[in-house]
Amino acid sequence: MSNPVLVEVTRGNLVESRHRGTVIAVDGDGNTVFSLGDTDAAVFPRSACKAVQALPLVESGAADAYGFGAKALALACASHSGEPEHVALAAEMLAAAGCDVDALECGAHWSFDQKTLIGQARSIEAPSALHNNCSGKHAGFVCACCHWGTEVRGYVGYDHPIQQEIRGVMETLTGAILAHDNCGVDGCSIPTYAVPLKGLAHGFARMATGTGLAAERARASRRLIEACMAEPFYVAGTKRACTRMMKTAPGRIFAKTGAEGVFCAAIPDKGIAIALKCEDGTTRAAEAMVTATLARFFADEPEIHTALMAQANHSMRNWNGIHVGDVRVTEAFSA
């Protein structure tokens, strides 16, 4: 099955680039309410599924034991920009469990935020693992291990207890069977599993609605989703798409990006969750796809609908501020 062109990028009066993809929105029972392309195809969710990976932190009791509020829980679900607030909070999370940066096994990279990056280049010799966009997630893993009394070292490994627990959680939520044959290694070194896009969307719909979940998991899921919606800056950062989307309808939209053009999103009060993949892995196209899909479910709320569509369809300017083209979703989203 050939996936449809969902996003076009123009330059002058011509289409310069076309991006194919697949999108699905489902309710808590897994019923499809909107779809485009081959939604049965397996995709690596990458960082889009971090809220799923954070469930053991809450379900184990570690989050409460260490006094974590909404900001820390949002950071545990984050692909943050490595801004000072993100770095400081990740360090505080580790300190609560009696650990420091040396416990992290995610690797290090410079900040995604240009202003912060310039400041880092002027003030530090090299970034630490705390600057890694996944440091909050990894701090959550470390804290869960410490609370369980499990050896922290090697927590990124396929056979480590925390990764075994996450694998089981993901299987329960998505209905997919996860094993070595559909496992890869993510950028931060933990296992990542290819799952059907529809199953990924259903997993987030279950988290957003609690449908079919045991009471403890439903509470933990709601707590994480609500923390992200309450503290979108700690999920992403300054001028980031996830932050912008969640601020468009405060407390109503959950959105989380993943590498290679993946997005997951949810509208809890409408009982809807979304998963999508831009086939060629382009982030700008995935951002347009998810905002256009979210907008469909706010058709009766013009202010929110208009704001989301303005994020889906937007102009591009060069370094001199000259309008050079546009990013726009195709008519597929109007069907």
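The values are calculated or read from the model by the stated rules, or taken from the named source; none is laboratory data. Quantities reported herein were computed from a predicted structural model and do not represent experimental measurements. Virtual Cβ from ideal backbone geometry, glycine too; neighbours counted across all protein chains shown. For accessibility, only protein heavy atoms count, side chains too; no ligands or nucleic acids. Shrake-Rupley method; radii C 1.70, N 1.55, O 1.52, S 1.80 Å.
May I ask you to compute the full-extension gain from residue 331 to residue 315, defined as 0.36 nm times their residue separation minus their alpha-carbon distance, rounded to one decimal in nm? Could the numbers behind the result be given before it?
Details: separation 16, 0.36 × 16 = 5.76 nm, distance 1.77 nm.
Extra length available between residue 331 and residue 315 comes to 4.0 nm.
Report the FRET efficiency, 1/(1 + (r/R0)^6), for residue 151 and residue 283, where r is their Cβ-Cβ distance and R0 is 41 Å, rounded to 0.05. Kindly include the intermediate steps, with their values, before the conclusion.
On the way: r = 36 Å, r/R0 = 0.88.
Plugging the Cβ-Cβ distance into 1/(1 + (r/R0)^6) gives 0.70.
Per DSSP H run of n ≥ 4, the term is -39500 (n - 2.57); total these for the chain, divide by its residue number, and report the mean residue ellipticity at 222 nm rounded to 500 deg cm²/dmol. Could the numbers behind the result be given before it?
Details: 14 runs with 137 residues, N = 335.
Here the helix-only value at 222 nm equals -12000 deg cm²/dmol.
In percent, how large is the relative contact order of segment 136-187, given Cα pairs closer than 8 Å and 6 or more residues apart?
Working: 21 pairs, mean separation 9.5, N = 52.
So the answer I get is 18 percent.
Tell me which residues come under 5 Å, amide H to amide H, from residue 262 once H is placed; ignore anything under 5 positions away on its chain.
Amide H neighbours of residue 262: 278.
Return the single residue from 320, 133, 182 with maximal mean-square fluctuation; model: Gaussian network over the chain, springs between Cα atoms under 10 Å.
320
When only C-alpha pairs under 8 Å and at least 6 residues apart count, what is the relative contact order of the chain, in percent?
Numbers: 718 pairs, mean separation 79.5, N = 335.
Reported as a whole number, the value is 24 percent.
Taking R0 as 25 Å, what's the FRET efficiency between residue 216 and residue 177 from their Cβ-Cβ distance, rounded to 0.05?
FRET efficiency, residue 216 to residue 177: 0.60.
Listed highest first by mean packing, meaning other Cβ atoms within 10 Å per residue, what order do 265-274, 84-93 come in? The partial results should precede the final answer.
Values: 265-274: 22.6, 84-93: 20.6.
Packing order, densest peptide first, comes out as 265-274, 84-93.
Quick one: which residues, 5 or more positions from residue 186 or on another chain, have an amide H under 5 Å from its amide H? H modelled 1.01 Å from N in the peptide plane, none for Pro or chain starts.
Sorted by chain and number, the residues that satisfy this are 192.
How large, in percent, is the carbon and sulfur part of the accessible surface of the chain at a probe radius of 1.4 Å? Don't skip to the end; give the middle numbers.
Numbers: 6810 of 13760 Å².
Result for the chain: 50 percent of the exposed heavy-atom area is carbon or sulfur.
If you build the convex hull over the alpha carbons only and average its shadow over all orientations, what do you get for the chain? Give it in nm² to one decimal.
Details: hull surface 68.1 nm².
Across all orientations, the chain yields a mean hull projection of 17.0 nm².
How big is the dipole moment of the chain about its Cα centre under a simple scheme where the beta carbon of each Lys and Arg is +1, that of each Asp and Glu is -1, and everything else is neutral? Debye, nearest 20, please. Can you show the working numbers first?
Numbers: 29 positive and 35 negative charges, 134 e Å.
That gives the chain a dipole magnitude of about 640 debye.
Would you kindly enumerate the cysteines in the chain that have no other Cys beta-carbon under 4.7 Å from their beta-carbon?
Result for the chain is 49, 77, 99, 143, 145, 146, 183, 228, 242, 264, 278, no neighbouring Cys Cβ within the cutoff.
Cα gyration tensor of segment 215-335, axes a ≥ b ≥ c as square roots of the eigenvalues: rounded (a/c below 1.5), prolate (a/b > b/c) or oblate?
On the way: a/c = 1.78, a/b = 1.59, b/c = 1.11.
It comes out prolate by the Cα gyration axes.
Mind checking the angle between helix 197-209 and the chain's longest principal axis? C-alpha axes, 0 to 90 degrees, to the nearest 10.
Tilt relative to the chain: about 70 degrees.
In whole Hz, what ³J(HN,Hα) sequence does segment 319-328 give by Karplus (6.51, -1.76, 1.60; θ = phi - 60°), x for Gly and Pro?
With the stated coefficients, segment 319-328 comes to 5, 8, x, 7, 5, 10, x, 9, 9, 8 Hz.
Using amide H atoms built in the peptide plane, which far-off residues or other-chain residues are under 5 Å from residue 20 H to H?
So residue 20 has HN proximity to 6, 279, 280.
Using θ = phi - 60° and the Karplus form 6.51 cos²θ - 1.76 cosθ + 1.60, what ³J(HN,Hα) does each residue of segment 74-79 get, whole Hz, x for Gly and Pro?
In residue order, the calculated couplings are 4, 5, 5, 9, 9, 10 Hz.
How much area per residue is accessible in segment 117-267 when the probe is 1.4 Å and only protein heavy atoms are counted (Å²)?
Values: 5720 Å² over 151 residues.
Ligands and nucleic acids excluded, the figure is 38 Å² per residue.
Work out, step by step, the length gained on full extension between residue 92 and residue 42: first 0.36 nm times the residue separation, then minus their alpha carbon distance; give nm to one decimal.
On the way: separation 50, 0.36 × 50 = 18.00 nm, distance 3.66 nm.
Gain on stretching residue 92 to residue 42: 14.3 nm.
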